[in-house]
Structures are given as structure tokens and as C-alpha cells.
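Just so you know, all these numbers are worked out from the coordinates, no wet-lab data involved. Every value quoted in this text rests on a predicted model; they were computed, and no experiment measured them. Glycine gets a Cβ as well: all are built from the backbone with ideal geometry, and neighbour counts include every protein chain shown.
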Amino acid sequence: IEEIAIHFFLHNKTKIYDLRRNEVALADMQVGQTVIVNAEGQQDGTRLAKSIQLLDVVVSSGELSLSSDGSVSVLGVRYEVAEDALIVSGESVVIDGGTLADGMFVEIRGSQVDEGVFTITKVKVLSAVSVGNDEAEGANLPEGILLGVNYPNPFSSTTTIEFALSGESGSARTDLAIFDLTGRQVRTLIEATMTAGSYSVTWDGRDDAGRPVASGLYFYRVRSGDRSTARTMMLVR
């Protein structure tokens, strides 16, 4: 794994703990999580991870709705926000929490306080504009592609990818594709003319021929017109 450009190696005795100190498997980790790594240096200069403590999870990503009681809603689900929650821009620069507004496209991270109940500890603003499905609203938006973090990530069977399109052109030829580390395209999930709005698609870990692909790191890319953006995800069989 990699944390702030520092590499750690895992072995079969490495312990991984979730937010409630329960031991979990490597497949339960998500790309981009905040972690504490307890490691020891080796004679060859490498670092061997003895234990990993997960500090947060990617709870959801989507359009933000604010409530008067200080809670937030994303994709229709309400979450409590911690008093010391960190609010950052898409470039991970800390910003004033007072700048949060309805319609922003955000990624929220948090700690689990009960089964299915999370307290939000970090809000990452991916876009300061609404990305609703209403075409009339979309006509007033600056052009852009908002690509969320797939969930779950890592995954073993299926994962969901959410993205949003905005722009004044009304519609554009759009595709969503999966690539392996060599750059080879293994699956096309979407290939259509699409208008501004929010979309969701599921990948079952198979290629275009219906064959299961191998475990490993993959890229997923959305391209719309002359715009494109991509993220990485991990498949663990």
C-alpha cells in the first residue's frame, strides 16, 4: 500500500482493523482511506506493516443537501456531521465549512458509530455547482465531468460507479470504460449520447466477452465530447 508516497509491504501476519477495532480483511479496505500504519523497517530499506488502523471510510458521493440542524443528506440518506469535520476542495485544500451549499457534488467520509450509522468527519467538494437531472438546470452549468469514487472499493464481485455531466451543449457522445494497468480496454459500460445529469452504473468485474477479469488495479474513465476524467479501483477475487 502507499500512504503519502511512503510504501509499505504487507505479509500474512499484518493485522487490519476497522473503525471499531474489529479485525477485517484486505478486501475491506478502500482506495483513498485515511489510515495509521504501524510498521518496522527492514534491512533492505523496505517497511513491513505490522498493523493498519482504518480511520474513515468513503460513505457516499453525490449531490449535497443541507439541513437546518447541521446534518447533511447525500443520495437521500441523512448523516450527522462531526463538529471538527474537515471540509476540503477537490485539490484537498482546507476550505471554510460555511461555503457548503445545496447542490454541491461531494464525497463524504466518516466513522461508523453503529451498524449502518456514520458520523461524517470529512467532506470533499468535487464541484461547487448542482448536477441535477433537470435538463433546464443543466443548461446553465459550466462544462465538466464529475466522477465519484466507486463503491465498494476494493470490491470482489460488483461495484457501482457514479458520475455527472454538466454543460451548455445539451448532449454529447459519452462513454464509460474500464482499463487494466497496461492501458488495455477490458470493458465498455456506457457508449451513448447523453445529456447533463447524474448517472450510475454497475460493473460486475467481467470483460466485454463476459469473462471474469483478474484481481488487480483498474482504471475507469468517463469521456464526454472533448472532456475526460478517470479514477482507479481495486478488484480482489
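Add +1 for every Lys or Arg and -1 for every Asp or Glu among the other residues with Cβ under 12 Å from the Cβ of residue 149, and state the total.
Working: positive: 109, 124, 231; negative: 107, 162.
Around residue 149, the surrounding residues sum to +1.
Out of all Cα-Cα pairs in the stretch 140-237, roughly what percent, to the nearest whole number, are more than 19 Å apart? Spell out each step's value before the answer.
On the way: 1814 of 4753 pairs.
It works out to 38 percent of all Cα pairs.
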